1. Karplus couplings for the stretch 64-74 from phi (6.51 cos²θ - 1.76 cosθ + 1.60, θ = phi - 60°), rounded to Hz, Gly and Pro as x?
2. Extension gain Ser7-Ser37, at 0.36 nm per residue separation less the Cα-Cα distance, in nm?
3. How far apart, in nm, are the 7 Å Cα→Cβ label points at Phe15 and Leu75?
4. Across 5 Å bins from 0, what is the distribution of all Cα-Cα pair distances for the chain, in whole percents?
5. Kindly report the accessible area of the chain per residue (heavy atoms of protein chains, probe 1.4 Å, no ligands, DNA or RNA), in Å².
6. Might you report the magnitude of the Cβ-based charge dipole of the chain about its Cα centre, with Lys and Arg at +1 and Asp and Glu at -1, to the nearest 20 debye?
7. Amide H to amide H, which residues 5 or more places from Thr21 or on other chains are under 5 Å from it, using H placed in the peptide plane?
8. How large is ³J(HN,Hα), in whole Hz, for each residue of the stretch 16-25 in order, when computed from phi with the Karplus curve 6.51 cos²θ - 1.76 cosθ + 1.60 and θ = phi - 60°, using x for Gly and Pro?
Amino acid sequence: KTFQGHSSYVYCVAFSPDGTTVVSGSDDDTLKLWSVSGGECLKTLQGHRRYVGSVAFSPDGTTVVSGSDDNTLNLWGAASENQ
C-alpha cells in the first residue's frame with residue numbers, strides 16, 4: 001500500500017498503538033494521519049514553521065507529539081476527523 005499526499009520529503013513515520021493509524025512528518029511542515037486499512041489521509045496537522053523530523057503516538061493512541069526544525073515540540077489530538 002502507498003500513502004500519498006505530502007508535497008515534499010517524508011522524514012518520519014509511526015504506527016498508532018492499535019495499528020490502525022500511521023502518522024507521518026514531512027518537509028512540507030505538516031503531519032498527516034493515515035488509515036492503515038484504507039490508505040486515505042484522515043487528518044492533516046499544521047502548525048510547525050519548518051520540517052517535521054520526528055513523530056510518536058502516546059501509549060493510549062490519543063495524542064501525537066512532533067519535533068520540528070523550528071525548535072519546537074507540538075502535541076496534537078489524534079482523533080481521526082477527515083480534513
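The values are calculated or read from the model by the stated rules, or taken from the named source; none is laboratory data. Note that this is a predicted model, so its numbers are computed, not measured. Every residue, glycine among them, receives a Cβ derived from its backbone with ideal geometry; neighbour counts consider all protein chains shown. Accessible surface areas use protein heavy atoms only, side chains included; no ligands, DNA or RNA. Shrake-Rupley method; radii C 1.70, N 1.55, O 1.52, S 1.80 Å.
1. Result, ordered by residue: 10, 10, 10, x, 10, 6, 8, 6, 10, 10, 10 Hz.
2. Value of the extension gain: 8.6 nm.
3. The answer from the label model is 2.6 nm.
4. For the chain, the pair-distance distribution reads 3, 17, 31, 27, 17, 5, 0.
5. Here the residues of the chain average 57 Å² of exposed surface.
6. Details: 5 positive and 9 negative charges, 14 e Å.
Using only the charged Cβ atoms, the result is roughly 60 debye.
7. Sorted by chain and number, the residues that satisfy this are Ser16, Val36.
8. 5, x, 8, x, 8, 9, 10, 10, 10, x
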